[in-house]
Structure formats: structure tokens, C-alpha cells
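What follows is one structure encoded as C-alpha cells, with my remarks underneath.
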Amino acid sequence: MNIAIEQPHHAAAIDTLLDLSFGPERAGKTVYRLREGVDPVPGLSLVALEDDAVVGTIRYWPVLIGGVTPTILLGPIAIAPHMRSGGLGAQMIRQSLNRASAAGWRSVVLVGDAPYYGRFGFTRDLTLSMSLPGPVDLDRFLALELVEGSLAGVSGLLTRWPAEPEPMLAPEIAARQGVGAPAYAREWRLLNAPA
């Protein structure tokens, strides 16, 4: 078993695995609205390979909380039926969270099973002042702080990561991440990466 960074040639196998795990109607879920037109975060989206076949996938997407606080949205994660219950999903979550922390991301949000994700530190308490752009079971709306206190006082609607920052928004987002506006202006997509 090999866990590697997702590559473009894995896309078809990932879609097949996601359809198998969640059904083709998965694209109608609220979280998909946040992913439309946005690429997964490079370096955090992983695949598990068994003899070069994709048997696991996990992806992360950049989003904004309240229009100004960057975070990443975990999901979907899917494991091939013959590999489930063997700890592969947990291994992929831990490895990807470590990568996210090392890349400078400060928090993670998701919609998922609280008992499962709770063992990784995700909690509903951190999302009580946040909302999603569509129907969702709020007991499944969870978050994790990769940097302690990074979600303190953060509230608002989760929105898609914009293709281009609005001029007045750029300094505000940069300030929320503790980077200067010039660094922000240089690379919008890698705002959360260490300078």
C-alpha cells in the first residue's frame, strides 16, 4: 500500500471510487457548491494505491468563513469496499492533516460523522457560529483547529474560494492569516503556505 499525492491521471479512478462510495447523486450535496470551479488544495489531496489501482482518496478544498477567514474543507474521503475497516481511512486523514499543518493551514472544516471524526479532534463546538450555503445536518458540521485558537471569534457563512480576490478583501484575508498584503498579492492560491 502506497499513499501518494493525487495526480491528474488519478481523476477517473477517483470519480469511479466516489460514485461507488456515495452514488452519482453526490454532486447535489451542499458541500459540492463550495467545490464548484475550485481546484483541490495541491499537496493535500492524496490517493492510496494498491498495485497502481486507486483504493482510497481524500481531498481538501480552500473555502472562506464569513468571506474573510481562510480554512480548508475536508472531503470527500472514500475507501474501496475491500479495504474498509482496516484503518486506511484513518491513516489518510492523519497523514493529510499533518501535511495541512506543515503547509501552514490553521483550521479544517467538514461535514461528516461526528463519532468517526471526533477521534481526530473534530468537534461541533467550533462551528456553532458558522453556517453552510444549503441544507445540512448541523450535528455533522465539524471543525478542527490546527493552530490553537485559530477559530476563536470566527463566524459566518462558508463560501467558495474566489478565483480572484477583491481588492478590499485581500488585506483583510492576509491579516487573518498573519501575512502581509504584498505576500498575499503575490500568490492568492497559496495564501496559507508559510512565507
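Any idea how many residues of the range 91-112 are open to solvent by 10 Å² or more (accessible area, probe 1.4 Å) and either hydroxyl-bearing (S, T, Y) or within 15 Å of the chain's Cα centre (by Cα) (or both)? Summing the residues that are open to solvent by 10 Å² or more (accessible area, probe 1.4 Å) and either hydroxyl-bearing (S, T, Y) or within 15 Å of the chain's Cα centre (by Cα) (or both) in the range 91-112 gives 12.
Somewhere in the range 3-10, is a residue loosely packed, with under 13 Cβ neighbours inside 10 Å, within 25 Å of R140 (Cβ to Cβ) and under 18 Å from the mean Cα position of the chain (by Cα)? No: the range 3-10 contains no residue that is loosely packed, with under 13 Cβ neighbours inside 10 Å, within 25 Å of R140 (Cβ to Cβ) and under 18 Å from the mean Cα position of the chain (by Cα). Return yes when V41 is at pLDDT 90 or above and either surrounded by 20 or more Cβ atoms within 10 Å (Cβ to Cβ) or in contact with an Asp or Glu (Cβ under 9 Å, 6 or more places away or on another chain) (or both) and no when it is not. Criteria met by V41. Looking at (1) surrounded by 14 or more Cβ atoms within 10 Å (Cβ to Cβ); (2) at pLDDT 90 or above; (3) not hydroxyl-bearing (S, T, Y), which is the only condition G153 fails? The one condition G153 does not meet is (1). When restricted to residues that are more than 11 Å from T30 (Cβ to Cβ) and over 18 Å from the mean Cα position of the chain (by Cα), the range 126-138 contains 2. Note on the range 17-38: residues that are open to solvent by 50 Å² or more (accessible area, probe 1.4 Å) and either at pLDDT 90 or above or more than 18 Å from M92 (Cβ to Cβ) (or both) total 9. Could you say whether any residue in the range 77-89 is touching a residue at least 60 places away in the same chain (Cβ under 8 Å), touching a helix residue (DSSP H, G or I) at 6+ places or on another chain (Cβ under 9 Å), under 17 Å from F141 (Cα atoms) and open to solvent by 20 Å² or more (accessible area, probe 1.4 Å)? Checking the range 77-89: not a single residue is touching a residue at least 60 places away in the same chain (Cβ under 8 Å), touching a helix residue (DSSP H, G or I) at 6+ places or on another chain (Cβ under 9 Å), under 17 Å from F141 (Cα atoms) and open to solvent by 20 Å² or more (accessible area, probe 1.4 Å).
Number of residues in the range 134-150 that are closer than 19 Å to A100 by Cβ and either open to solvent by 60 Å² or more (accessible area, probe 1.4 Å) or not hydroxyl-bearing (S, T, Y) (or both) equals 9.
Of the candidates R176, R189, the single residue that is touching a strand residue (DSSP E or B) at 6+ places or on another chain (Cβ under 6 Å), modelled with pLDDT under 90, open to solvent by 40 Å² or more (accessible area, probe 1.4 Å) and not in a loop (DSSP other than H, G, I, E, B) is R176.
The values are calculated or read from the model by the stated rules, or taken from the named source; none is laboratory data. Every value quoted in this text rests on a predicted model; they were computed, and no experiment measured them. Counting neighbours? That spans all protein chains shown, and the Cβs are built from the backbone with ideal geometry, glycine included. Protein only, heavy atoms only, side chains kept; ligands, DNA and RNA dropped before computing areas. Shrake-Rupley method; radii C 1.70, N 1.55, O 1.52, S 1.80 Å.
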